[in-house]
Amino acid sequence: MSVPDHPRRTPCHDFPSALERHGVGPAEIAAIRAFTRVVAQADFARDFALELGRLARDTVGEGAAEAAQAAFCCDLVACADWHAGEAWFQRVAASWSECLAAGVGIGFLLDACAALVKAAARHLAGERAVVYQLEMDILFAVDSFAWCVASLLARQSISLQDIDTAGQAEREPLTGLPNRRRYARLLDDWLAAAGPERRVGLVVLGMDWGVAVQHLPLAERDRLQLAVTERLRAAVRPGDVLCATGEHEWSLLLPALRSPAQVRLAANKLIAACEALLDGEFRELCGKLTGGGAIGPDHGHDTATLEIAARTALLVARRDEQRFEDFRDELSTVVDESMAFERELLGAIYQQEIRLFLQPQVRFDDGRCTAAELLLRWQRRNGQWVPPPRVIEAAQRMGVLPKLSRWLIMHAAQLAALLAGQGVDVKVHLNVTAIDLRDEELPELVAQALETWRVPADRFGIEVTETALVTDHHRAAALIARLREIGCPVALDDFGTGFSSLAYLRHLPVTAVKIDQLFVRQLGTSKADQAIVDAIMRLADGFGLQVVAEGVEDPVARDLLRDAGCDLMQGYLESPAMPIEDFVAWWRQRHGADRTALAVAQGSE
């Protein structure tokens, strides 16, 4: 529901009192009445038009403005109705309101009132040199009458302009919905009067768009925003108010809440209306509307507290992938934990408490470990290890993922140098995210890190997932080509889980593929997985690519992969990911390294 336009009709004025203040008393009224009885309406209108044509050359509008001016002049010059007083003035005031709505300025009003007086003078005196006292009295009365009208209408103009200015300041320009300023004022007023028997509902709705919408031109995004807003507006119950409170965000105010269940019902109605739009006219675009609701004064006696409650519910709904969530006291704990998590992660990134563990990649032919994947690890102060995807998602949400990625690249190169310095002959491989693949400076960052730590490029591999390539395939391909020019090997991770695996192999200059653990863990019992692995091996052999199997956890899968011709294995059957100290010890023990040679190598650093 949008805020109704401010009325264009002026408030009812006491026109007779205004006339008296302008010197139009009983005698002047009698003179005006006498004038209106003897003047011919058509003649007076003709004289008025002549005078207005001379005065208003620069103030006559076009189109709607010209039509509004003509209607106003017809009402103004109807001298036979002047004696009607209040009724005539209200008609003239309404016509002038239409002029204002059409963009006519006050200058035209003043020209019209001056033309009214000049027309009366032309009719009373004409070209005569002598003017009688009675004619002078009538002319003075008409003059005062006309300028009283001009004064009242000018005040009306100023008042309506002030109202319009205030109204525009409280509306979102694109949709015309009440903006945050109006939203806060309404909610403040309603909460001030709220109580156990008079509750106020609040629903915050947030839209999450897919990549396709983010690539739209601004004009198309505006059209989409308007379309969604209109669908939501049409679904709002009379008496409730829909506000625009952010980019792709709306808030619904329910000032006359009869039952707490109405909040959920209203939210679901709006979400269903949006889903219908996205399933119809905009079905080629991916988007999801999510809502969170709260009730005042139960969840907040003021706007800020109630809004925090509704946004808390919205956050939980998004986290749990629900359409809508009502606020409950226990949800505050969820948000507090999320805020503490973000603060702690931010501190860990800036204090470089994030670590990289190494998981060995072992050759099938001779059992030697020739490479290791670097895996992100972070342990919170409470001892909890946080899954890497959650770390990446939170860093991206907080806007610090680029900083984290740059540090990881530099730290990975440092680890490669440390391994070489200790005589551990392995290549290291680092995963990069979809966001990293949109960073044009990625190859330069890798080159800088390798130069800083004096690491040969062929000892530092990059792993990219198929899902990371989907967002912008062409840009990713260009970045991979530049990494290959530097000399870095590039592996396609999680191979087989996407929809364009073969196309990627045809067009991307990768050097290896990694069979996703989804196809490895049940390899001993699944004929389908065995067929998939066999197909991957044939593809890789055709393109001359190395093959690494992830998630190898049992001897049966290991033997099947070896028989299929796989090059390297990675998984818990050999070793989990380890800190660098444990990895070095594991590698030395596995390869029976000559400790004397190692000591010499370390002493020569």
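What follows is calculated from the coordinates using simple rules that are stated; it is not laboratory data. It should be emphasised that the depicted structure is a prediction, and the values quoted were computed from it without experimental measurement. With ideal geometry, Cβ positions are generated from the backbone for all residues, glycine too; neighbour counts draw on all protein chains shown.
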inquiry  = Under 19 Å from a point placed 7 Å out from the Cα of Tyr350 along the Cα-to-Cβ direction: which residues of the stretch 392-419 have their backbone N that close?
reply    = 392, 394-408
ask   = Based solely on its DSSP helices, what 222 nm [θ] is calculated for the chain when runs of n ≥ 4 H residues each add -39,500 (n - 2.57) and the sum is averaged over all residues, nearest 500 deg cm²/dmol?
value = -17500 deg cm²/dmol
remark   = per DSSP, antiparallel bridges as share of beta bridges in the chain, % nearest 5, sits at 60
inquiry  = What does the extension gain come out to for Asp425 and Asp189, with contour length at 0.36 nm per residue minus their alpha carbon separation?
reply    = 77.8 nm
remark   = The helix 86-101 Cα axis meets the longest alpha-carbon principal axis of the chain at an angle in degrees, between 0 and 90 and rounded to 10, of 30
Of Ala125, Val426, Pro173, farthest towards positive along the dipole that unit charges on Lys, Arg, Asp, Glu beta carbons give the chain = Ala125
request  = Evaluate the Kirkwood expression for the hydrodynamic radius of the stretch 286-425, namely the inverse of the mean inverse distance over all pairs of different C-alpha atoms, and round to one decimal in Å.
outcome  = 18.3
query = Given charges of +1 on the Cβ of Lys and Arg and -1 on the Cβ of Asp and Glu, with all other atoms neutral, how large is the dipole of the chain about its Cα centre, in debye to the nearest 20?
reply = 280
ask   = So what is the orientation-averaged projected area of the stretch 15-169, using the convex hull of its C-alpha atoms, in nm²?
value = 9.4
task = State the number of lysine pairs found in the chain whose Cα atoms come within less than 29 Å, restricting to pairs 8 or more positions apart or on distinct chains.
result = 5
inquiry  = Please compute the modelled spin-label separation between Arg328 and Met398, points set 7 Å along Cα→Cβ, answer in nm with one decimal.
reply    = 2.9
query = Quick one: in the stretch 84-150, what % of C-alpha pairs are over 20 Å apart?
reply = 39
request  = Taking every Cα atom in the chain, find the radius of gyration and the maximum pairwise distance Dmax, and write them in Å.
outcome  = 39.4, 132
inquiry  = Using the basic label-point model (7 angstrom from Cα toward the beta carbon), what is the Ala18 to Arg54 distance in nanometres?
reply    = 2.8
remark   = With a Förster distance of 60 angstrom and the Cβ-Cβ distance between Arg475 and Ala67, calculated FRET efficiency to the nearest 0.05 equals 0.60
key: Mean Cα-pair separation over length for the stretch 180-329, i.e. relative contact order, pairs under 8 Å, 6 or more apart, %   = 32
ask   = Label points 7 Å out from Cα along the Cβ direction at Ala154 and Asp137: separation in nm?
value = 2.9
remark   = Residue span Ala30 to Ala125: 0.36 nm per residue of separation minus Cα-Cα distance leaves a gain in nm of 32.3 nm
Under DSSP loop assignment and at most 11 Cβ neighbours within 10 Å, longest chymotrypsin sites (Phe, Trp or Tyr not before Pro)-free interval of the chain = 133-498
note = Once Ile435 and Arg363 are pulled to full extension, the length gained, defined as 0.36 nm per residue separation minus their Cα-Cα distance, is 22.8 nm
task = Specify the inter-centroid distance of the stretch 543-571 and the stretch 254-283, based on alpha-carbon positions, in whole Å.
result = 51
ask   = Any idea what log10 I(q)/I(0) is at q = 0.14, 0.15, 0.18 Å⁻¹ for the stretch 180-329, Debye with uniform C-alpha scatterers and no solvent?
value = -0.64, -0.72, -1.01
C-alpha long axis of helix 388-398 to longest principal axis of the chain, angle in ° = 30
Residue list for the stretch 392-410, given a label point 7 angstrom along the Cα-to-Cβ vector of Gln214 and an amide N cut-off under 19 Å = 392-406
query = Taking only Cα atoms, what is the 0 to 90° angle, nearest 10, from helix 133-169's long axis to the longest principal axis of the chain?
reply = 10
